[in-house]
Amino acid sequence: MHPLVLVDCFEACVLSFVERHVVACLIGAIAAVFLVYEISVGFFAYTGDAFVETDVIFLAPEVSGPIAALPVIDDTVVRAGDTVAQIEPQPFEIAVASAEAEVALTTERIRLAEAAIAEATATVAAAQASLKDALTERARAEALVQSGGVSAAAWDQARRDARVAAADLRKAEALASVSETLVAVRRAERVAAGQALDKATYDLSRTRLVAPVSGRVAPLVAHTGDYATTGKTVAAIVSDENWYIKAALNERHLARVRPGQTVLFTIGSEPWRLHVGTLRAVAPGIARNDADPRALPYVPLDVDWIRVPRRFPVIIDMGPLPAERPLYRGADARVLIWF
């Protein structure tokens, strides 16, 4: 019999069987697809719930003031250390100059206070010498008054002189103590003035906002002349230093995924071009609902009104791709992980 006739007969038999057993064939087809799927999950995991990700650094000033210069525009390529914005520095330069003057003034005050200590020390020494002389004179007058060699008036004068000399010594010692305390106060003022100078110098250095990493400038939220407020974002840098794919993987695959496994992926701008990457990390856990603390990621179960199985985030290194072409944060990706 001719081969074509055999093929026609076979097709007729198959069609006849399908027509007579539609339900059985449908169930068989579903079972076959399910069996193929169950076998496949032992060799690889696939997910389309993935996107391109990188770090985004939001730049906010530590000092407030009008923006004097904004040397970047949207999508400007910057390197770490490049100026992104310059806040008007003049008020901060004036503050530095004022703080420097205060430091110089407190230094001079310390010098004067230390000179006062030297003077007070000399005064104490003179008072001690005067007291010693007065005590000697009082002792001599006391010996002579008993023998009638000196008058009572002279004896009284000698005692008064001794008391005055003792009072003068106490006064000199008190002034010396005050001088020493004043020096300590002036030194404390010098420390405070130095700290104020350090703060003013730091504030001046913060008027220049620099890119902490290399990357591209995201759409700006400020313009030259705007008033920049402490803590309020002026610009954002999309980093070029940590591109990766973040994918949500079905929990049934978790027992077989390990860091270091080979990954095939595509990105939305080149949907038919395969790239090779490496599995970097698997999330150790997820939050069960969005009210949980955000230390763990929350992956919603409802997608387009369909409830899906629990999924866990995995991080995938993109290999040499970030160095080969520009990437865009948030772009779609598809991932295939080999076990």
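Throughout, read-outs are computed from the coordinates displayed, never taken from laboratory work. What you see is a predicted model; the values in this text were computed from it and never measured. Cβ sites come from the backbone with ideal geometry, for glycine too, and all protein chains shown count toward neighbours.
Pop the C-beta distance of Ala68 and Ser98 into the FRET formula with R0 = 22 Å and round what comes out to the nearest 0.05. Kindly include the intermediate steps, with their values, before the conclusion.
On the way: r = 21 Å, r/R0 = 0.93.
So the FRET efficiency works out to roughly 0.60.
Could you work out how much longer the chain between Phe339 and Ala60 gets when fully extended? Use 0.36 nm per residue separation minus the Cα distance between them, nm to one decimal. It would help to have the intermediate numbers written out before the result.
Details: separation 279, 0.36 × 279 = 100.44 nm, distance 4.42 nm.
Answer, rounded to one decimal: 96.0 nm.
Going 7 Å from the Cα of Thr229 along its beta-carbon direction, which residues of the stretch 77-93 have the amide nitrogen within less than 18 Å of the resulting point?
Taking a point 7 Å out along Cα→Cβ of Thr229, the residues of the stretch 77-93 whose backbone N falls under 18 Å are 87-88.
Between Ala80 and Thr121, how high is the FRET efficiency from 1/(1 + (r/R0)^6) when r is the Cβ-Cβ distance and R₀ = 45 Å? Nearest 0.05.
Numbers: r = 58 Å, r/R0 = 1.29.
Efficiency computed from Cβ-Cβ geometry: 0.20.
What is the local net charge at Arg187, summed over the other residues whose Cβ is closer than 10 Å to its Cβ (Lys, Arg +1; Asp, Glu -1)? Before the final figure, lay out the partial values.
Working: positive: Arg109, Arg186, Arg190; negative: Glu114, Glu189.
Net of charged neighbours comes to +1.
With Cβ to Cβ distances under 15 Å as the rule, what net charge do the other residues near Asp240 carry (K, R +1; D, E -1)?
After counting each charged neighbour, the total is -3.
Roughly how many nanometres apart are two label points built 7 Å out from the Cα toward the Cβ at Glu88 and Trp272?
5.8
Tally Lys/Arg at +1 and Asp/Glu at -1 over every other residue whose Cβ is under 12 Å from the Cβ of Arg329; what's the total? Walk me through the intermediate numbers first.
Working: positive: Arg216, Lys246; negative: Glu53, Asp55, Asp240, Asp332.
Surrounding charge for Arg329 is -2.
Sequence-distant or interchain residues sharing an amide H contact under 5 Å with Val263, placed H: which?
Amide H neighbours of Val263: Gly277, Thr278, Leu279.
Would you list, by chain and number, the lysines whose Cα falls below 25 Å from the Cα of Lys132, excluding same-chain residues fewer than 8 positions away?
Within the straight-line limit of under 25 Å, Lys132 reaches these lysines: Lys171.
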